[in-house]
Each structure stands twice: as C-alpha cells, then as structure tokens.
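Undergrad: Please read through the structure below; I'll follow up with questions.
The values are calculated or read from the model by the stated rules, or taken from the named source; none is laboratory data. Everything numeric in this text was worked out from a predicted model, so none of it was measured. Reconstructed Cβ throughout: ideal geometry from the backbone, glycine too, with neighbour counts over all protein chains shown. Accessible surface areas use protein heavy atoms only, side chains included; no ligands, DNA or RNA. Shrake-Rupley method; radii C 1.70, N 1.55, O 1.52, S 1.80 Å.
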Amino acid sequence: MYKEVGTDGECRIFALVSSDGDLSVQNKEYMDSKDFVKDMAGFDMSAIKSVQEINLDKKY
C-alpha cells in the first residue's frame with residue numbers, strides 16, 4: 001500500500017494488485033467478504049469517501 005504525500009489534511013491510499021482474472025469482480029468479492037471486515041478492523045470506515053479502480057497495462 002502507498003499513501004499520497006503533500007495533501008491538505010486528507011490522503012489517498014493506493015493498493016497495487018496484479019491478477020490474471022477480472023479485478024473488478026475480485027475487488028467486489030473481497031470488499032463483501034469477512035476478510036475485508038477483518039483487514040479493516042481499527043480503521044474509521046466513515047473516513048473513506050470513495051473507492052476507485054484504475055486498470056493499468058504493463059507496457060515497455
């Protein structure tokens with residue numbers, strides 16, 4: 001995970017994930033799972049304003 005630097009009191013967290021499958025489906029399944037609830041224990045969920053998916057293509 002990465003945290004954005006230089007924000008005005010707010011920050012964005014970035015999670016880079018690679019997969020051969022459909023990440024949109026996997027993301028929804030994970031966010032609906034008990035594992036997600038367990039992973040987020042201790043975090044103020046009301047502080048999350050949005051979740052965005054950005055698909056990147058590895059090209060050289």
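Undergrad: Take the range 38-57 and flag every residue that is of a type outside the set (Phe, Trp, Tyr) and open to solvent by 100 Å² or more (accessible area, probe 1.4 Å). Write out each step before concluding.
TA: Initially, the range 38-57 is screened for residues of a type outside the set (Phe, Trp, Tyr), giving 38-42, 44-57.
Answer for the range 38-57, where residues must be of a type outside the set (Phe, Trp, Tyr) and open to solvent by 100 Å² or more (accessible area, probe 1.4 Å): Lys38, Lys49, Gln52, Ile54, Asn55, Leu56, Asp57.
Residues are listed down the side, and each one gets a yes or a no for (1) among the hydrophobic types (A, V, I, L, M, F, W, C); (2) under 13 Å from the mean Cα position of the chain (by Cα):
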site: Asp8; (1), (2): no, no
site: Ile13; (1), (2): yes, yes
site: Leu16; (1), (2): yes, yes
site: Ser24; (1), (2): no, yes
site: Asn27; (1), (2): no, yes
site: Phe36; (1), (2): yes, yes
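Undergrad: Among the residues of the range 4-60, which ones are in a helix (DSSP H, G or I) and touching a helix residue (DSSP H, G or I) at 6+ places or on another chain (Cβ under 7 Å)? Let's see the steps before the verdict.
TA: Looking only at the range 4-60, we keep the residues that are in a helix (DSSP H, G or I), and these are 23-31, 34-39, 45-47.
Matches in the range 4-60: Tyr30, Phe36.
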